[in-house]
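**Q** Input: one structure, supplied below.
The values are calculated or read from the model by the stated rules, or taken from the named source; none is laboratory data. Just so it is clear, the model here is predicted, and its values are computed rather than measured. Please note: Cβ atoms are built from the backbone with ideal geometry, for glycine as well, and neighbour counts cover all protein chains shown.
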Amino acid sequence: MALFTVVIPLFNKAAEIEGTLASVLAQTEQDFDIIVVNDGSTDDSAAIVRSLNDPRIELTDQPNQGVGPARNKGVGMATSPWIAFMDADDYWYPHHLADLKKLIDEYPEALWMATAYEKAFTPSLSKPLSSQLMNNGPNWFGPIVDYFTLAKKDAPAWTSAVGMRRSFFNDIGGFDTDITMGAGEDTDLWIRAALRAPLYFNNRISSRHRQYSSNRISHAPTLMRRFIDLDRYEADTSSHPGLKAYLDLNRYSIGIKFKMAGDRERASRYFQAIKPASLNVTQRLLMKLPGWALRLAVNIQGILAKFGLRLSAFNR
């Protein structure tokens with residue numbers, strides 16, 4: 001039995017899946033197997049996986065159900081004590097699993113863990129996650145008790161950088177399949193995990209979030225998506241520092257999406273639940289702009305990224 005099972009949901013990623021799997025197979029820590037869940041792909045994605053002919057790779061097919069059910073199915077098939085999540089268009093540096101294993105060896109009580117990552121906005125523009133954890137010195141690792149306070153801009157947990165004890169994943173219920181099309185499935189799981197146990201973190205960057213790849217689920221139309229239910233966690237804000245602001249920042253992000261999509265009523269519902277102190281001045285200003293102005297701002301942001309500049313309303 002391998003130490004890790006790498007779970008990869010796959011839907012129409014023919015342009016990326018071979019490179020993603022190559023980065024997994026190139027790990028210096030080789031105690032792993034891979035389960036790829038083909039979630040009803042209609043391109044050559046599954047054929048590319050089969051062509052690799054590596055005994056560590058198991059490919060299973062299902063009708064298209066979404067990323068949450070696909071990940072849940074992969075975990076359900078796994079036998080390893082640890083799950084390492086990976087998306088079909090992301091990339092691991094060769095030391096990624098070794099850095100997770102270092103946390104496992106140092107902290108046998110750990111239930112979930114993550115490593116630092118970088119965000120690639122274009123092929124030529126990448127930025128490390130913005131977190132005070134990156135100021136702890138090179139190759140720092142240790143527990144994060146107050147997860148939510150440290151997640152106000154870039155969350156310490158990101159799907160392709162997280163490892164989780166399989167038993168813990170099952171205990172907290174896995175990915176919520178009521179959430180669809182990348183509308184907070186991962187955020188919801190990290191909230192439930194952080195309410196139960198500290199995250200153990202290694203601040204050496206070992207993975208890359210490719211935000212410019214093909215067929216990104218986050219580009220799905222807002223009005224077709226079912227978003228995370230943030231209100232279910234409001235009762236926990238009194239006992240968990242930083243959670244209220246974290247929930248409000250997510251409400252802000254979702255509300256902005258609805259406003260840009262022309263649904264001012266739902267945007268208003270999200271905005272009304274926000275405590276103003278949870279947001280910075282820029283965010284409070286953007287909430288007041290009409291949808292057309294927000295869409296224009298997003299387009300300008302994309303143009304600037306092509307020239308190596310990245311602007312974000314989440315700077316505090």
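**Q** Identify, please: which residue in the stretch 50-71 is surrounded by 22 or more Cβ atoms within 10 Å (Cβ to Cβ) and either touching a Gly at 6+ places or on another chain (Cβ under 7 Å) or of a type in the set (Lys, Arg) (or both) and is, among those, farthest from Arg210 (Cα to Cα)?
**A** Arg71
**Q** Another one. Under 7 Å between Cβ atoms, which residue pairs at least 6 apart in sequence (or on different chains) link something in the stretch 266-289 that is over 16 Å from Leu247 (Cβ atoms) with a partner that is buried (at least 18 other Cβ atoms within 10 Å of the Cβ) and of a type in the set (Val, Ile, Thr)?
**A** Filtered contacts from the stretch 266-289: Leu286/Ile256.
**Q** Which residues, taken from the stretch 106-120, are in a loop (DSSP other than H, G, I, E, B) and either surrounded by 24 or more Cβ atoms within 10 Å (Cβ to Cβ) or touching a residue at least 60 places away in the same chain (Cβ under 8 Å) (or both)? So that I can check it myself, show each step before the final result.
**A** Residues of the stretch 106-120 that are in a loop (DSSP other than H, G, I, E, B), as a first pass: 107-111.
Result: Tyr107, Ala110, Leu111.
**Q** Being under 19 Å from Arg210 (Cβ atoms), crowded, with 16+ Cβ neighbours inside 10 Å and among the aromatic types (Phe, Trp, Tyr), is that true of even one residue in the stretch 10-18?
**A** Taking every residue of the stretch 10-18 in turn, at least one turns out to be under 19 Å from Arg210 (Cβ atoms), crowded, with 16+ Cβ neighbours inside 10 Å and among the aromatic types (Phe, Trp, Tyr).
Conditions (1) more than 20 Å from Phe168 (Cβ to Cβ); (2) out of contact with any Phe, Trp or Tyr (no Cβ under 7 Å at 6 or more places or on another chain); (3) assigned by TED's automatic domain parsing to the domain that holds Ala155; (4) among the charged types (D, E, K, R), marked per residue:
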residue	(1), (2), (3), (4)
Lys13	yes, yes, yes, yes
Thr20	yes, no, yes, no
Ile48	yes, yes, yes, no
Ala70	no, yes, yes, no
Pro94	yes, yes, yes, no
Glu118	yes, yes, yes, yes
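**Q** In the stretch 155-165, is there at least one residue being over 14 Å from Asn203 (Cβ atoms), in contact (Cβ under 8 Å) with a residue 40 or more places away in the chain and exposed (fewer than 15 other Cβ atoms within 10 Å of the Cβ)?
**A** No, every residue in the stretch 155-165 fails to be over 14 Å from Asn203 (Cβ atoms), in contact (Cβ under 8 Å) with a residue 40 or more places away in the chain and exposed (fewer than 15 other Cβ atoms within 10 Å of the Cβ).
**Q** Is it the case that the stretch 16-25 has a residue that's under 21 Å from the mean Cα position of the chain (by Cα), in a loop (DSSP other than H, G, I, E, B) and not aromatic (Phe, Trp, Tyr)?
**A** Looking through the stretch 16-25, at least one residue is under 21 Å from the mean Cα position of the chain (by Cα), in a loop (DSSP other than H, G, I, E, B) and not aromatic (Phe, Trp, Tyr).
**Q** Which members of the stretch 163-213 meet the condition of being of a type in the set (A, V, I, L, M, F, W, C) and under 21 Å from Asp39 (Cβ atoms)? Outline the logic, then answer.
**A** As a first pass, look at the stretch 163-213 and keep what is of a type in the set (A, V, I, L, M, F, W, C): 164, 168-169, 172, 175, 179, 181, 183, 189-191, 193-195, 197, 199, 201, 205.
Within the stretch 163-213, Met164, Phe169, Phe175, Ile179, Met181, Ala183, Leu189 meet the criteria.
**Q** Can you pull out every residue in the stretch 35-47 that is crowded, with 21+ Cβ neighbours inside 10 Å and either farther than 19 Å from Asn72 by Cα or in contact with a helix residue (DSSP H, G or I) (Cβ under 6 Å, 6 or more places away or on another chain) (or both)?
**A** The answer is Ile35, Val36, Val37, Asn38, Asp39, Ser45.
**Q** Now, a different point. Which members of the stretch 77-105 meet the condition of being outside any loop (DSSP other than H, G, I, E, B) and loosely packed, with under 15 Cβ neighbours inside 10 Å?
**A** Selection gives Met77, Asp105.
**Q** Sticking with this structure for a sec: Return yes when Asp263 is loosely packed, with under 15 Cβ neighbours inside 10 Å, farther than 25 Å from Lys119 by Cβ and modelled with pLDDT of 75 or more and no when it is not. Spell out how you get there, then give the answer.
**A** Working: loosely packed, with under 15 Cβ neighbours inside 10 Å: no; farther than 25 Å from Lys119 by Cβ: yes; modelled with pLDDT of 75 or more: yes.
Judged against the criteria, Asp263 is not a match.
**Q** Across the stretch 274-316, what is the total count of residues that are exposed (fewer than 13 other Cβ atoms within 10 Å of the Cβ), at pLDDT 70 or above and either at positive phi or outside any helix (DSSP H, G or I) (or both)?
**A** 2
**Q** Taking into account only those residues within the stretch 181-208 that are in a strand (DSSP E or B) and under 14 Å from the mean Cα position of the chain (by Cα), which is surrounded by the most Cβ atoms within 10 Å (Cβ to Cβ)? Give the steps one after another, and end with the answer.
**A** First pass over the stretch 181-208, keeping only residues in a strand (DSSP E or B): 199-208.
Restricting the remaining residues to those that are under 14 Å from the mean Cα position of the chain (by Cα) gives 207-208.
Working: Ser207: 23, Arg208: 19.
Result: Ser207.
**Q** How about the stretch 138-151: which of its residues are surrounded by fewer than 16 Cβ atoms within 10 Å (Cβ to Cβ), touching a residue at least 60 places away in the same chain (Cβ under 8 Å) and either farther than 24 Å from Asp248 by Cβ or of a type in the set (Val, Ile, Thr) (or both)?
**A** Result: Pro138, Asn139, Trp140, Thr149.
**Q** Take the residues in the stretch 171-180 that are within 15 Å of the chain's Cα centre (by Cα) and not hydrophobic (A, V, I, L, M, F, W, C); name whichever of them is nearest to Met224 (Cα to Cα).
**A** In this case the residue turns out to be Thr180.
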